[in-house]
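Novice: Please see the structure below; I have some questions.
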């Protein structure tokens, strides 16, 4: 879907840049190759992008104009309506699965409006109402709290220990990051996938990591408020 948007808007001067956040580039690369992307597609193994721009879930995006100026800070960036919103949830499913699927139907429906906003910006540039003035960008980019700052430090320290081969020591710091910033799904998924996805295996979307972290994706999804809370809807 991002490739199609890139092809549509590149003649107007807009370029889509996608960034995968993963300690292991080998796990992200097959997804990029499968998409057949002609736009810049990068892998951020050190999580610089989420640290600099405040990316806490996927998909999220920032808008940067031709002068290198940020005109929309990090926000939810779906451009295709999730099929999960319209799925039928069978009544005979196990209760836990039924709860999760029912909550997925509550994902905010902003995809069409967000895509239209990008198209408007591509056509109108700085005159687009969706290209925010500097003071509005600043207002929407409030300094992170002390807990969120500590969480970032804990996540980075865990990463350092992990790449140094001290994975068990890293886990304690990642647990602390999760406790300090529970809304940050980027921190959670990156740590969890190291436990739930064996080397060479496809990504485990269920991320059942009770043995190490005492939780799972579905546990946290429901605990944090379900579909309405999971997606950071853009303020258009």
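Novice: Once every DSSP H run of n ≥ 4 in the chain is given -39500 (n - 2.57) and the sum is divided by its residues, what mean residue ellipticity at 222 nm do you get, rounded to the nearest 500 deg cm²/dmol? Don't jump to the answer; show the numbers that get you there.
Specialist: Details: 12 runs with 114 residues, N = 236.
That comes out to -14000 deg cm²/dmol.
Novice: Using a Förster distance of 41 Å, how high is the FRET efficiency between residue 210 and residue 15, based on the Cβ-Cβ distance and rounded to 0.05?
Specialist: Working: r = 42 Å, r/R0 = 1.03.
Using R0 = 41 Å, I get an efficiency of 0.45.
Novice: If contacts are Cα pairs under 8 angstrom and at least 6 residues apart, what is the relative contact order of segment 2-139 in percent?
Specialist: Details: 155 pairs, mean separation 26.0, N = 138.
Value for segment 2-139: 19 percent.
Novice: I've got another one for you. Which angle from 0 to 90°, rounded to the nearest 10, does the C-alpha axis of helix 185-196 make with the longest principal axis of the chain?
Specialist: 40 degrees
Novice: Right, next: As an exercise, use a Förster radius of 25 Å and the Cβ-Cβ distance of residue 149 and residue 67 to find the FRET efficiency, rounded to the nearest 0.05.
Specialist: On the way: r = 29 Å, r/R0 = 1.16.
It comes out at approximately 0.30.
Novice: Another question, then. Just how far, in whole angstrom, is segment 4-28 from segment 125-153 if you go by their alpha carbon centroids?
Specialist: One Cα centre to the other: 22 Å.
Novice: Using 0.36 nm per residue of separation minus the Cα-Cα distance, give me the extension gain between residue 139 and residue 183 in nm, one decimal.
Specialist: Working: separation 44, 0.36 × 44 = 15.84 nm, distance 2.03 nm.
Extending this stretch completely gives an extra 13.8 nm.
Novice: Please build a GNM for the chain, connecting alpha carbons under 10 Å apart, and tell me which residue among 142, 80, 207 fluctuates the most.
Specialist: Most flexible of the set in this elastic network: 142.
Novice: Here is a follow-up. Just need the Rg to Rh number for segment 94-135, please, alpha carbons only, Kirkwood Rh.
Specialist: Numbers: Rg = 17.3 Å, Rh = 12.9 Å.
Using only Cα positions, Rg/Rh for segment 94-135 is 1.35.
Novice: Arrange 115, 72 by Cβ neighbour counts within 10 Å, fewest through most, would you?
Specialist: On the way: 115 18, 72 24.
Ascending Cβ contact count within 10 Å gives the list 115, 72.
Novice: Which entry is the computed Kirkwood radius over Cα pairs in Å for this structure: (1) 18.9; (2) 17.9; (3) 19.3?
Specialist: So the calculated entry is the one marked (3).
Novice: Please check: in the Gaussian network model of the chain (C-alpha springs, under 10 Å), which one of 16, 81, 163 has the largest mean-square fluctuation.
Specialist: Answer for the Gaussian network model of the chain: 163.
Novice: Treat the count of other C-beta atoms within 10 Å as a stand-in for reagent exposure and order 171, 138, 32, 118 from fewest to most.
Specialist: Numbers: 171 18, 138 12, 32 15, 118 21.
Ordered by Cβ neighbours within 10 Å, fewest first: 138, 32, 171, 118.
Novice: Order these by the 10 Å Cβ neighbour count, fewest first: 209, 119.
Specialist: On the way: 209 21, 119 18.
If I rank by nearby Cβ atoms, fewest first, I get 119, 209.
Novice: Something else: Tell me the label-point distance for the pair residue 169, residue 7, using the 7 Å Cα-to-Cβ offset, in nm and rounded to one decimal.
Specialist: 5.0 nm
Novice: Using DSSP, restrict attention to beta bridges with both residues in the chain and report what percent are antiparallel, rounded to the nearest 5. Please report the intermediate quantities before stating the final value.
Specialist: Working: 5 of 9 bridges.
Percent antiparallel among DSSP bridges in the chain is about 55.
Novice: Still on this structure, please answer the following. Specify the residue with the greatest mean-square fluctuation among 86, 41, 218, computed from a Gaussian network of the chain linking alpha-carbon atoms under 10 Å apart.
Specialist: 86
Novice: What angle, in degrees between 0 and 90 and rounded to the nearest 10, separates the Cα long axis of helix 25-35 from the longest principal axis of the Cα atoms of the chain?
Specialist: Long axis of 25-35 versus the principal axis of the chain: about 50 degrees.
Novice: Relative to the longest principal axis of the chain, what angle (0 to 90°, nearest 10) does the C-alpha long axis of helix 111-124 take?
Specialist: 40 degrees
Where a number appears in this text, it was derived from the coordinates with a stated rule and is not lab data. Every value quoted in this text rests on a predicted model; they were computed, and no experiment measured them. As a convention, Cβ positions derive from the backbone with ideal geometry for all residues, glycine included, and neighbour counts pool all protein chains shown.
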